[in-house]
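Bear in mind these aren't lab numbers, they're just calculated from the coordinates by the rules spelled out. The shown structure was predicted, so the numbers you read here are calculated from the model rather than taken from an experiment. Don't worry about glycine lacking a Cβ; one is built from the backbone with ideal geometry, like all the others, and counts go over all protein chains shown.
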Amino acid sequence: MLSKTDTRRASRKGLWHRLTMAALLGLMLALPAARSALAEAPAAAALDSAMDTVLTVRSADASDRFLGSAFLWGEEAEVAVTNAHVVGEAEEVRLVDRHGNEETGLVIARDTLRDVAVISVGPGKDGKPRRGLVPAADPAGLGLEVFALGAPLGVEFTLTEGLISAEARQVDIAVPILMLQHDAAVNPGSSGGPLVDAAGRLVGMNSQIADGSRMFVGIAYAIPAGDLDRIVTGLIEETLAPFPQLGLKARPVDRKVGAMLGLDPQGLLVDGTVKGGLAEAAGLKAGDVILAVNGAEIARPGDFAFLLEAAQGGETAALTVLRDGTEQEIALAFALPEAEETAIGIKLRDFDAKAQPERVASYRLAALGVILGEDGRVKEITENSPGLFAGLGRGDRILAVNGVEMDAAALEALELTEATMLLVQAPDGSTRHIFLDPWGGAEGVRPVGGANVLDPSVIVF
């Protein structure tokens, strides 16, 4: 038998062994966490540096509307880049960085088809060009961790995380760009913001949310950095070939259409042409099936846009068309003899001081798409109307205009001659002020939609 002294010694040894093993186990568990923390530190610094390049875009007028996001471009940034749908038709916009610095930027070029705009920016406080984002050397691969930077829903300088979920999505088959699909959360206002990797390298520019919802549903699209580099450089140097607008409406020959026509499911069936457009001038007509461009078959509907882009080195493209059961070749010119500007899909800054639009002197609410009921509540409101963009909705009651109480009769006779402040009561009884400015110019934040809301199968080229 062990003595009490031996028993205590054995107990102390066992306790020491257990404590030592526990300490070793804790150290083993702590090492990966420490390594992870050390690895995360450079990533956090890189993302913080990338956020310094991000800008919010606002209208450069008295309304000060939030438009979207942008970011500084290149090692020595003399321009910022955003989506064309963010700036709209604006000639100038106001840019604000995360530190509150503001400047007015001139929109020097935009490509509405590819949805890219370039804005000139000034130097930093030290008089030297600021550092912007540089496209990553390698294309983004499936599963790459990415971060979306911008101002979703106007919440400035927000970062969200996700993965590349698909590498090449042609979101609009009339546009020759294969987008990056990812699941980092983006919402209206994120448009024009950068998509970067953990090292802060530019992967793409966030441009669209999946069709079917105005808000994020787990699928977002970004223009890849490689395409963006080509487009931005081409816009700045004025070397980007203008993409032709054909004045052509066509639909894919899918299995259903092919079965009805007795054709293989490939090519495009012409629905119609626009009078005076390139397609009409080439002789295309409803019922034609476009099978190939310069001998290259249209295996998938989206091939047509890429084949047209590739053919732009020449003045014409040879279209193989099936008409009345017979194949024939049609020459499609990229410019009309007397109106070359109709073929240009890129709009550069162009201002004619002599052509000033006439300003409407006054509006009634009905002319702004706001239909009131007998009780003074909004009964109907037209899509795209200034009232809708101001924030009016069905069921709202307008209580006062510029501080003056109004009843239904007064609202019916109201003539708006300038930007106006409305006191509005919602159906739940809550009240709020909104600003209604029919002369405000650009539209509010809105999703990018398809070409034809009545028939989504129809594509406009």
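Overview of values
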read-out: Whole-angstrom gap from region 45-85 to region 95-120, using each part's C-alpha centre; value: 6 Å
read-out: Charge tally in the Cβ shell below 13 Å around Glu76, where Lys, Arg are +1 and Asp, Glu are -1, Glu76 excluded; value: 0
read-out: Three-way shape call for region 57-116 based on the alpha-carbon gyration tensor, with the a/c threshold at 1.5; value: oblate
read-out: Among Pro265, Gly247, Ala222 - extreme Cα towards positive end, dipole of region 166-268, charges at beta-carbon; value: Pro265
read-out: Mean-position separation - Cα centroids, region 255-298 and region 214-234, in angstrom; value: 29 Å
read-out: Ranked packing of 295-306, 60-71, most packed first, by mean Cβ within 10 Å; value: 60-71, 295-306
read-out: Three-way shape call for region 365-436 based on the alpha-carbon gyration tensor, with the a/c threshold at 1.5; value: rounded
read-out: Relative exposure of His85, His433, judged by other C-beta atoms within 10 Å (fewest first); value: His433, His85
read-out: Cα gyration tensor, region 52-243 - rounded (a/c under 1.5), prolate or oblate; value: rounded
read-out: Ranking of Arg255, Arg94 by count of other Cβ atoms within 10 Å, fewest first; value: Arg255, Arg94
read-out: Charge sum, other residues only, whose C-beta stays under 9 Å from Ala60's C-beta, Lys/Arg counted +1 and Asp/Glu -1; value: -2
read-out: Relative exposure of Asp227, Asp126, judged by other C-beta atoms within 10 Å (fewest first); value: Asp126, Asp227
read-out: Charge sum, other residues only, whose C-beta stays under 14 Å from Gly141's C-beta, Lys/Arg counted +1 and Asp/Glu -1; value: -3
